[in-house]
Amino acid sequence: MDRIETLMGEMTLAEKLGQLTMTAAGYAVTGPIIAGDSTEAIKAGTIGNLLNLVGAEPVREMQRLAVQESRLGIPLLFGFDVIHGYRTAFPVPLGEAATFDPQVWSLTARESAREAAADGLAMTFAPMLDVARDPRWGRSAEGPGEDPFVGMRMAQAKVLGYQGPDLAAADALAAVAKHYVGYGPVTAGREYASVDISERTLREVHLPPFEAAVAAGVAALMPAFTDLAGLPMTAHVALLQDWLRGRLGFDGVIISDYNAIGELRQHGVAADLAEAAALALNAGVDIDMMSDAYRRGLPIALARGLVTVAQIDRAVRRVLTLKQRLGLFDDPYRRGAAPEDAAAVGRRRQLARDVAARSLVLLKNHRAALPLAAGVRRLAVVGPLADAAAEMRGPWCGVAEAEGQVSVLAGLRAALAADIRYAPGVDIDGEGMTGIEHALEVCTDAEAIVLCLGEAARMSGEAASRAHLGLPGRQREFAEAVLGRARSSGTPVIVLLFSGRPLIVPWLVEKAGSVIAAWFPGCEAGNAIADVITGRVSPSGRTPVTWARAAGQIPLYFGQRPGGRPANPNDHFTGKYLDVPNEPLFHFGHGLGYGRFTLSNLQVWPRRVTAADTLTVRVDVSNVGERAAEETIFLFTHDKLAQVARPVLELKGFGKIDLQPGGRGTVELQLPASELRFLGAGLEPVLEAGEVEILVGPSAQRSVLLVEIIRVFV
Ligand code: BGC
């Protein structure tokens, strides 16, 4: 008999429930610690998994307790939120998405896994794959942005990166795709609120990234806190059992979110902990994180006949199988056995710097104010985020220490021999304005002003919904003062905007010379920003979210359907606002560089396709600017006539090209015709005969796209 079956034969009910329990081990937690001190329980074999334990030593000691002092010696599984780095903070996922580079997405996950596994960890609660189209929702920062195709590519890249080629390797982490599913469209962008979307939107927009994660072999999955039209995801039989396990064939572990099983009572679908536990187990949730509902509730649920021992056994088998796949039985101390050498850490910092530079999106560059002139002598670096090293980490920054982060000021001082003067002006969200005068003095005589504005790290991530999406505190007053003074002296102002979401700042974009969306760039923020500002690196980030002009435009995303009365400025009774244009401030995919690109000669073949064909799409790209730069090309489709109205643009691919000034090249993308399928009226995939537009260009701005038409035959 194999190891797992032998263990199954020996385990008591309490030991089985221990394997289905994950409890926090006294590190920064996001809710109450319900299970108390776990040491005795680990020895008793009644806690099988821990989260938030940090450091190779404590992890090893806890593992020793489980392996040597518990009756059956089953190793513990240690999980942690390694979202965009563990000790080394990479850009927040939304910023990373802006690189539009799956290789980068994989690499940062690989490096984060190495770093976390060197501390003995074996599981990360990542990647977060929730498509986010409402920037009020703070968790927009944690995921791929507004588009499901980007989410799919990110899912695949991240799973491969975290898990590596061999899950049993000492540097591999089990990935947990989260939060399944449809957490992004919480009502009014309010954290944890109920979700009510159509089945079509669920299937077309929110499920695909999870399907991609499952196809990539993700080890585990976490249901969202939220309910979908009244059914909490933690108890959602149709989506967990039928869709995920049944239709997608997912046989990995389903782990609840933090206390989510217990919260089935607050949702109003479980009368007590036993009912809550039964609902979750019946839906297929294997591990209870932090509710202690399985240990306390399942014995009662068993007695009441709400669940069976066979169901518990199935869940335990899945957990033990994951531990086996992770190599924990063969060598429970494999991870965390040896500290990393300094070279590995140094390489990771370099990667963090490169990726951070690539995540910056140059939104505007009036009169090419950037890059800064090489001989700049006097620079003013002002604003509450100018010397805010700790904020650069953004939300969910693992165990990155505040001291290890490079602020904008520090990065610019290291890069430039100029006289750099600094003043914060105002706090990020305080009411005080007395610092403004001093900041204005600091700006006097400067040849350029770097104005660092935005959100604090804690303003995005979990429990960080915002109703006002402008600059917090008194930053607007401060920025207006600086911009006003600069206008009268003719000094260029470069705005660095830090945020975990697209902010709504049309006035700022209008008045500032250059604006960079910096998101939260991570530990190398200042150095990466200096690389871009000085022109060492040409900015190449492209926004993975549409930027609205007004909060009333939300939700605003490129993949909308046309409606029966598309906006027409000459016709009153068409789909538009009276007080704001429909157009966003910045389209999805927008981003400037120091080169300037033209696209021509779109070629698509074959022009007549069946489901078995693959389209080749080529476009010539020329850099007509004066500096080397990278361009990103997006491939969209539009099915103009179908049984179900299709979005005006659907993203199907993206690619990149590096070109010297005067350089010319070709970007080629492949598109299997089968990907032109969509969900028909009955929600089953169909490929319809007819014409489809193939659109290629630098962003989702329809007017700049090159278009060809192909014909589909079925
Ligand atoms: C979050 C999850 C996270 C978990 C563990 C929860 O509050 O929703 O994303 O993985 O905590 O820290």
message: Restricting to the stretch 1-17, count the residues that are among the charged types (D, E, K, R), free of Cβ contacts under 8 Å to residues at least 60 places away in the same chain and farther than 25 Å from D292 by Cβ.
response: 2
field: Check on R421, assigned to a helix (DSSP H, G or I) and among the basic types (K, R)
entry: no
message: Residue pairs, Cβ under 9 Å, 6 or more apart or interchain, first in the stretch 422-437 and touching a residue at least 12 places away in the same chain (Cβ under 8 Å) and of a type in the set (S, T, Y), second surrounded by fewer than 15 Cβ atoms within 10 Å (Cβ to Cβ) and in a loop (DSSP other than H, G, I, E, B). List them.
response: none
- request: May I ask you to list pairs of residues, at least six apart or on different chains, whose Cβ atoms are under 6 Å apart, with the first in the stretch 38-56 being closer than 12 Å to G79 by Cα and the second being among the β-branched types (V, I, T) and away from the ligand (no atom under 16 Å from the Cβ)?
  value: L53/V59
- request: Scan the stretch 135-158 for residues that are within 16 Å of the ligand (Cβ to nearest atom) and in contact with a strand residue (DSSP E or B) (Cβ under 6 Å, 6 or more places away or on another chain) and report the count.
  value: 2
- prompt: When you go through L53, L129, L94, L76 one by one, which is the residue that is in contact with a helix residue (DSSP H, G or I) (Cβ under 6 Å, 6 or more places away or on another chain), buried (at least 21 other Cβ atoms within 10 Å of the Cβ) and at pLDDT below 95?
  reply: L53
query: Taking the stated definitions as given, is A463 outside any helix (DSSP H, G or I) and within 22 Å of the chain's Cα centre (by Cα)?
result: yes
field: First in the stretch 656-683 and more than 13 Å from A629 (Cβ to Cβ), second anywhere and β-branched (V, I, T) and outside any strand (DSSP E or B), Cβ under 8 Å, 6 or more apart
entry: A673/T610; F678/V644; L679/V644; G680/V644; A681/V644
- request: Find all pairs meeting these conditions: Cβ atoms under 9 angstrom apart; at least six residues apart or on different chains; first residue within the stretch 284-312 and within 16 Å of the ligand (Cβ to nearest atom); second residue among the polar types (S, T, N, Q) and part of a helix (DSSP H, G or I).
  value: V285/T234; D286/Q19; I287/Q19
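To keep it simple, each residue is scored yes or no on (1) within 14 Å of the ligand (Cβ to nearest atom); (2) small (G, A, S); (3) in a loop (DSSP other than H, G, I, E, B).
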site: Y162; (1), (2), (3): yes, no, no
site: A170; (1), (2), (3): no, yes, yes
site: A212; (1), (2), (3): no, yes, no
site: L221; (1), (2), (3): yes, no, no
site: A238; (1), (2), (3): no, yes, no
query: What pairs can you find where one residue is in the stretch 58-73 and in contact (Cβ under 8 Å) with a residue 12 or more places away in the chain, the other is assigned to a helix (DSSP H, G or I) and β-branched (V, I, T), and their Cβ atoms are less than 7 Å apart, with a gap of 6+ or different chains?
result: M62/I42; L65/T39; L65/I42; A66/I42; S70/I42
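Rundown of residues vs (1) at negative phi; (2) in a strand (DSSP E or B); (3) hydrophobic (A, V, I, L, M, F, W, C); (4) within 16 Å of the ligand (Cβ to nearest atom), yes/no style:
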site	(1), (2), (3), (4)
A467	yes, no, yes, no
G473	no, no, no, no
G484	yes, no, no, no
V515	yes, yes, yes, no
I529	yes, no, yes, no
- line: Condition set among the basic types (K, R) and closer than 23 Å to L372 by Cα, scope the stretch 528-554, selection surrounded by the most Cβ atoms within 10 Å (Cβ to Cβ): answer is R542
- request: For the stretch 34-47, indicate whether the set of residues that are within 15 Å of the ligand (Cβ to nearest atom), at pLDDT 95 or above and buried (at least 24 other Cβ atoms within 10 Å of the Cβ) is non-empty.
  value: no
statement: Residues in the stretch 161-187 that are touching a strand residue (DSSP E or B) at 6+ places or on another chain (Cβ under 9 Å), hydrophobic (A, V, I, L, M, F, W, C) and surrounded by fewer than 24 Cβ atoms within 10 Å (Cβ to Cβ) total 1
message: On the basis of being assigned to a loop (DSSP other than H, G, I, E, B), at pLDDT 95 or above, within 16 Å of the ligand (Cβ to nearest atom) and surrounded by 18 or more Cβ atoms within 10 Å (Cβ to Cβ), does P395 make the cut?
response: yes
statement: Pairs returned, first residue in the stretch 480-506 that is more than 30 Å from V131 (Cβ to Cβ), second residue that is polar (S, T, N, Q), beta-carbon separation under 7 angstrom, 6 or more apart or interchain, are I494/S514
message: Considering only residues that are within 16 Å of the ligand (Cβ to nearest atom) and either within 20 Å of R318 (Cα to Cα) or surrounded by fewer than 24 Cβ atoms within 10 Å (Cβ to Cβ) (or both), which ones fall in the stretch 261-283?
response: I261, E263, Q266, H267, A280
The one condition in (1) modelled with pLDDT of 95 or more; (2) assigned to a loop (DSSP other than H, G, I, E, B) that P569 fails to fulfil: (1)
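The values are calculated or read from the model by the stated rules, or taken from the named source; none is laboratory data. Computed from a predicted model, the values in this text were never measured in an experiment. Methodologically, a virtual Cβ is constructed for each residue, glycine included, from the backbone with ideal geometry; neighbour enumeration extends over all protein chains shown.
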